[in-house]
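Structure, as structure tokens:
The values are calculated or read from the model by the stated rules, or taken from the named source; none is laboratory data. These numbers come from a predicted model, not from an experiment. Here the Cβ is made from the backbone with ideal geometry for all residues, glycine too, and neighbour counts use every protein chain on show.
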Amino acid sequence: MNQVTPAFRYEPFVMALLPSTTGAIDIVGDVHGCMEELMALLEQAGYQIDPFDPRSADPIGLSHPEGRKLVFVGDLTDRGPASDQVLRLAMGARRSETAFAVMGNHDWKLLRCLAGNPVKMANGLARTLEQMEPLGADFARAVLDFYDTVPHQLRLPLPGEHCWDGAEALWVVHASAHAHRQGQADKRSFERSIYGYPTEALDPSGAVVRKDWAQDYEGADPVVHGHTPLKVPRQHNRVICVDTGCVFGNAMTLYQVDHNRFLQEPARANHSGKDRTLG
Ligand code: MN
């Protein structure tokens, strides 16, 4: 495995503001290495992906003719067939400021692993490392450097006209962001951002049941998140879930903030090897 450095140097407790936006933002749910569906979904939304060689470690360029910006809700990797290519695209798009990402629990584990910390090789991580291996140690280092700039929450100022009375900004987070956690950079807030509210219970497919925090969300600002795979995207109490379990064989979802609408791309297959129950 390509380990980069024994020193764990990542400072996770940061919150970022997206540089001024027009509201023309697309937010895409958990990708988990599903490069084919991601590319199709981005093309559906009008993005242009630069031609690339799948054996190269170079970043993959992404642009949009109307200047739209993309945000990933995190969990770029694990379980799927091409986590290495998804990383290349996220890194290339970040470089041109076409796309941004927030930290997911899978991203967090990958970066701890690359930094030389002991982690459990479960839930698809071994597969991601296998896919990254041929791209070499420099690529692993570049991935670590990329994640160094990925915050646990993103705050997007809303444009003048929007559908959420009294809201000033939209938050993007992997799992959860109650109002009192928004903009907070302490350890607990970081954990809520990337793990949400896990319970002791398991669902029929053996996955941890997470508390449905949207039910008691009372903030004025809308929150877009992933983490909990649903059959269909959901908007409830200004909480919008865009994880529709592509890697489990369902679909990948992209939310267009300015149009308040969802675009979807059906999964080509269940890439996870698991029969996961979707919420
Ligand atoms: Mn996920």
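Figures for the structure shown
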| read-out | value |
| --- | --- |
| Lone unmet requirement of (1) more than 27 Å from Pro51 (Cα to Cα); (2) among the aliphatic types (A, V, I, L, M); (3) more than 16 Å from the ligand (Cβ to nearest atom) for Val173 | (3) |
| In the range 97-119, residue nearest to Ser176 (Cα to Cα) [restricted to those that are away from the ligand (no atom under 16 Å from the Cβ) and charged (D, E, K, R)] | Arg112 |
| Count - residues of the range 240-279 that are under 18 Å from Glu36 (Cβ atoms), surrounded by fewer than 18 Cβ atoms within 10 Å (Cβ to Cβ) and out of contact with any helix residue (DSSP H, G or I) (no Cβ under 8 Å at 6 or more places or on another chain) | 3 |
| Unmet requirement for Phe190, which otherwise passes all of (1) part of a helix (DSSP H, G or I); (2) modelled with pLDDT of 95 or more | (2) |
| Within the range 193-208, tally of residues that are assigned to a strand (DSSP E or B) and in contact (Cβ under 8 Å) with a residue 12 or more places away in the chain | 2 |
| Unmet criterion (only one of (1) modelled with pLDDT of 95 or more; (2) closer than 27 Å to Trp171 by Cβ; (3) within 16 Å of the ligand (Cβ to nearest atom)) for Arg127 | (2) |
| Qualifying positions in the range 82-106 - surrounded by fewer than 19 Cβ atoms within 10 Å (Cβ to Cβ) and at pLDDT 95 or above | none |
| Which numbered condition Ala214 fails, given (1) assigned to a loop (DSSP other than H, G, I, E, B); (2) farther than 17 Å from Gly104 by Cβ | (1) |
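Condition check ((1) under 21 Å from Leu156 (Cβ atoms); (2) within 16 Å of the ligand (Cβ to nearest atom); (3) in contact with a Gly (Cβ under 8 Å, 6 or more places away or on another chain)) across all residues:
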position: Val224; (1), (2), (3): yes, yes, no
position: Leu230; (1), (2), (3): no, yes, yes
position: Arg234; (1), (2), (3): yes, yes, no
position: Cys241; (1), (2), (3): yes, yes, yes
position: Cys246; (1), (2), (3): no, yes, yes
position: Asn250; (1), (2), (3): no, yes, no
position: His259; (1), (2), (3): yes, no, no
position: Phe262; (1), (2), (3): yes, no, no
position: Ala267; (1), (2), (3): no, yes, yes
